[in-house]
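Trainee: Okay, handing you the structure first.
The values are calculated or read from the model by the stated rules, or taken from the named source; none is laboratory data. Treat the numbers as computed from the prediction; the structure is a model and nothing was measured. As a convention, Cβ positions derive from the backbone with ideal geometry for all residues, glycine included, and neighbour counts pool all protein chains shown. Remember, those area values only see protein heavy atoms, side chains included, never the ligands or the DNA or RNA. Shrake-Rupley method; radii C 1.70, N 1.55, O 1.52, S 1.80 Å.
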Amino acid sequence: MDIQELRALYHCTYSANYHLVLVTKCRRKCISPEMLVRLKKISTRIISTWEGELLEFNGESDHVHLLLSIPPKVAPSALVNNLKTVTARLIRKEFAGALAKVYSKPVFWSRSYCIITCGGAPLSILKQYIEQQGQD
């Protein structure tokens with residue numbers, strides 16, 4: 001059994017872990033392995049600026065999975081909005097040629113996303129699930 005690490009702020013102790021899934025616009029298969037590496041790097045930086053931590057990251061050509069820990073003072077929807085905006089802007093800029101073949105408009109992510117609190121399944125199971133993405 002995994003024991004979740006408790007983190008502390010000035011007035012609270014917490015363990016707030018989330019499984020986030022972001023999907024490309026129209027589920028287009030446009031995420032290359034190079035984009036995945038860059039998305040992980042950008043995501044790590046953004047989440048850390050929100051005082052959080054990216055615990056695991058992986059994905060396939062049309063979606064990514066992030067396992068993250070954020071403090072309770074952070075609204076998950078605000079973080080996701082910032083994460084999607086910044087990653088889309090940078091990926092569209094850095095991989096413009098590849099994405100121009102897939103999208104005629106400046107889009108990348110679908111408007112929707114899935115975020116699930118991690119309390120039921122042990123973190124080791126979620127990490128294993130995310131690690132195995134794209135290995136079929």
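Trainee: Would you be able to say whether some residue in the stretch 32-46 is of a type in the set (Lys, Arg), under 19 Å from LEU90 (Cα atoms) and in a loop (DSSP other than H, G, I, E, B)?
Mentor: The initial filter retains those residues of the stretch 32-46 that are of a type in the set (Lys, Arg), namely 38, 40-41, 45.
Going one step further and asking which of them are under 19 Å from LEU90 (Cα atoms), we end up with 38, 40-41, 45.
Still in the list and also in a loop (DSSP other than H, G, I, E, B): none.
No, the stretch 32-46 contains no residue that is of a type in the set (Lys, Arg), under 19 Å from LEU90 (Cα atoms) and in a loop (DSSP other than H, G, I, E, B).
Trainee: With the requirement that a residue be out of contact with any helix residue (DSSP H, G or I) (no Cβ under 8 Å at 6 or more places or on another chain) and open to solvent by less than 60 Å² (accessible area, probe 1.4 Å), what does the stretch 82-97 give you?
Mentor: Of the stretch 82-97, the ones out of contact with any helix residue (DSSP H, G or I) (no Cβ under 8 Å at 6 or more places or on another chain) are 84-85, 88-89, 93, 96-97.
The answer is LYS84, ALA88, ALA96, GLY97.
Trainee: Would you be able to tell me the number of residues in the stretch 59-81 that are farther than 22 Å from TYR14 by Cα and either open to solvent by 50 Å² or more (accessible area, probe 1.4 Å) or among the charged types (D, E, K, R) (or both)?
Mentor: We begin by selecting, within the stretch 59-81, every residue farther than 22 Å from TYR14 by Cα; these are 59-65, 81.
Of the ones still in play, those that are also either open to solvent by 50 Å² or more (accessible area, probe 1.4 Å) or among the charged types (D, E, K, R) (or both) are 60, 62, 81.
Selection size over the stretch 59-81: 3.
Trainee: Of the residues that make up the stretch 51-58, is at least one under 20 Å from LEU123 (Cα atoms), charged (D, E, K, R), part of a strand (DSSP E or B) and touching a Ser or Thr at 6+ places or on another chain (Cβ under 6 Å)?
Mentor: Applying the first criterion (under 20 Å from LEU123 (Cα atoms)) to the stretch 51-58 yields 51-58.
So of that shortlist, the ones also charged (D, E, K, R) come out as 51, 53, 56.
From what's left, part of a strand (DSSP E or B): 53, 56.
Of the ones still in play, those that are also touching a Ser or Thr at 6+ places or on another chain (Cβ under 6 Å) are 53.
Within the stretch 51-58, one or more residues are under 20 Å from LEU123 (Cα atoms), charged (D, E, K, R), part of a strand (DSSP E or B) and touching a Ser or Thr at 6+ places or on another chain (Cβ under 6 Å).
Trainee: Does the stretch 98-120 hold any residues that are surrounded by 13 or more Cβ atoms within 10 Å (Cβ to Cβ) and either part of a loop (DSSP other than H, G, I, E, B) or more than 14 Å from the chain's Cα centre (by Cα) (or both), and which are they?
Mentor: Passing the criteria: ALA98, LEU99, VAL102, TYR103, VAL107, PHE108, CYS118.
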